[in-house]
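First the structure, in the form of structure tokens, and then the observations on it.
We did not get these values from a lab; they are worked out from the coordinates using the rules stated. This one's a predicted model, so the numbers in the text were calculated from it and none came from an experiment. When we count neighbours, we look across all protein chains shown, and the Cβ atoms used for this are built from the backbone with ideal geometry, even at glycine.
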Ligand code: GLU
């Protein structure tokens, strides 16, 4: 491990809410920095200005904040190695590209996009390896001058040294060696003057003194190229590299929108708690032992190690995430759960933000704690507290012909002395016995009449919260 302070980074390209895979990468980087009392850097890779909007940029920051992954250096907090948006670092990339050209590590390539694609197609049909064929690698001065006089613009390509093996040790994947003939000369500066990802990320990782480069496995092929750029710039210290396994859907295919939600913001909207998502993301490719699944953030900070990250693809499994979420919901003190429910219920159109709304949610929260897998499930379960709910299809079917029974229930409840779950239960059981009904037969019609659904918090407590007058009104207004 490099000596000195551990410096890790997450380097998202801001294209809106971050992908859960990037969130996992951010988490591992953050955990390592926190574990070593190091520095977690947020660097925004927004060189492709055409795709970046302010909203997309802010969405990234919001997701990281929601997950609790605070950054020590980066946008909004600053730091000694800034600026932290690549769009503000163009001068540096230009200077490095020029230096690479001066030292012969990069050369001008005048090939047009069209020429490149024609030659690529020819190479493919001849079953030769695609990739740049080195056409401009050894141009004479005269050839260069001829291209320039044609008015051609040029890109800068990195001159990959011949006959070399570029080797590094990946903490997750073991030793990786690449022959240099497998690496075509790659573009470091486009013909419009902009840096490529390959250059910008390498330059920044050096300039920002990143000690651990932890990123997705899709970038493993970038590493030998970026090591060559480092070497060309005379940097000898090599960071620790770890390429994390791909996230896959339960069918083994890469996680994609086709399969379900991939954006962190979707999970937030669906009522997952950040602590559950963090716990879950930690387990996507890492395990402490065979058995333990529940880790608080503090435990993760102590226990996380890159050495225990697996190479195998990690399956993104919603039922497990829901199971963890249910666990974290149960852990919330009722007041905290009530507070989180206010937002979710307001989003669902309930007047939950009013004093009365908050009071009702405060009363009902302890009843929901054991029943929710996602906060999003709460609004339909508590809607009845905010006003009569017309019965849904199942409830309506059950209510058919129950009027006499419900009238009798209403009569009995009218005589209850103290309106409380216990006395309500006693009364309802008594009526059930008189009518010779099993508990379920007796209670479901009451639930249907009062809440409009067959899924609600426990009945007696629900009626207590709703109050006597409203309960009786609903029981007797059933057609
Ligand atoms: N910007 C890259 C991405 O979002 C990450 C680059 C890196 O980690 O080196 O995939």
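So, by mean Cβ neighbours within 10 angstrom, what's the order for 142-154, 227-239 with the highest one leading?
The densest-packed peptide leads the list: 227-239, 142-154.
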Shape category assigned to segment 259-318 from the gyration tensor of Cα positions, a/c cut at 1.5: oblate
Mean separation of Cα contacts under 8 Å (6+ apart) over length of segment 1-160, as relative contact order %: 20 percent
Residue 163/residue 70 FRET efficiency (R0 45 Å; Cβ-Cβ; nearest 0.05): 0.45
According to the Kirkwood expression over distinct Cα-Cα pairs, how big is the hydrodynamic radius of the chain, in Å? 26.8 Å
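Could you list 117, 15, 125 in order of exposure, starting from the residue whose Cβ has the fewest other Cβ atoms within 10 Å?
The fewest-first ordering by Cβ neighbours comes to 125, 117, 15.
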Shape call for segment 124-173 from the C-alpha gyration tensor, a ≥ b ≥ c root eigenvalues: rounded (a/c under 1.5), prolate (a/b greater than b/c) or oblate? prolate
For the residue pair residue 433 and residue 113, what label-to-label distance in nm results when each label sits 7 Å from Cα along the Cα-to-beta-carbon direction? 8.3 nm
Determine the relative contact order of segment 96-178: mean sequence separation of Cα pairs under 8 Å and six or more apart, normalised by residue count, in whole percent. 36 percent
Gyration tensor (alpha-carbon) shape descriptor, segment 159-201, a/c threshold 1.5: oblate
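Suppose the chain between residue 419 and residue 99 were pulled fully straight at 0.36 nm per residue; how much longer would it get relative to their current alpha carbon spacing? Walk me through the numbers before you get to the answer.
Details: separation 320, 0.36 × 320 = 115.20 nm, distance 8.25 nm.
Full extension of this stretch gives 106.9 nm more.
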Counting other C-beta atoms within 10 Å, which of 189, 135, 127 has the fewest, and how do the rest follow? 127, 135, 189
Separation between the residue 77 and residue 403 pseudo-spin-labels, each 7 Å from Cα along Cα→Cβ, expressed in nm? 6.6 nm
Grab the Cα-Cα distance for residue 289 and residue 392, subtract it from 0.36 nm times how many residues apart they are, and report the gain in nm with one decimal. 32.4 nm
Angle in degrees between helix 355-368 and the longest Cα principal axis of the chain, rounded to the nearest 10: 90 degrees
Sum of -39500 (n - 2.57) over DSSP H runs of 4+, divided by residues of the chain (222 nm, nearest 500): -14000 deg cm²/dmol
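Which percent, to the nearest 5, of DSSP beta bridges fully inside the chain are antiparallel?
55 percent
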So what does log10 I(q)/I(0) come out to for segment 364-457 at q = 0.12, 0.25 Å⁻¹, using the Debye formula with one equal point on every Cα and no solvent? -0.41, -1.36
Mind putting together the pair-distance distribution for segment 352-403? All Cα pairs, 10 Å bins, whole percent per bin, short to long. 20, 44, 28, 8
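Do you know the relative contact order of the chain, to the nearest whole percent, from alpha carbon pairs under 8 angstrom that are 6+ apart?
12 percent
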Specify the angular offset, from 0 to 90 degrees and rounded to the nearest 10, of the alpha carbon long axis of helix 54-67 from the longest principal axis of the alpha carbons in the chain. 60 degrees
Based on the Kirkwood radius over alpha-carbon pairs, what value in µm²/s does the Stokes-Einstein equation return for the translational diffusion coefficient of segment 93-196 at 20 °C and 1.002 mPa s? 140 µm²/s
Tilt relative to the chain, helix 403-414 - C-alpha long axis, 0 to 90 degrees, to 10: 80 degrees
Counting other C-beta atoms within 10 Å, which of 377, 88 has the fewest, and how do the rest follow? 88, 377
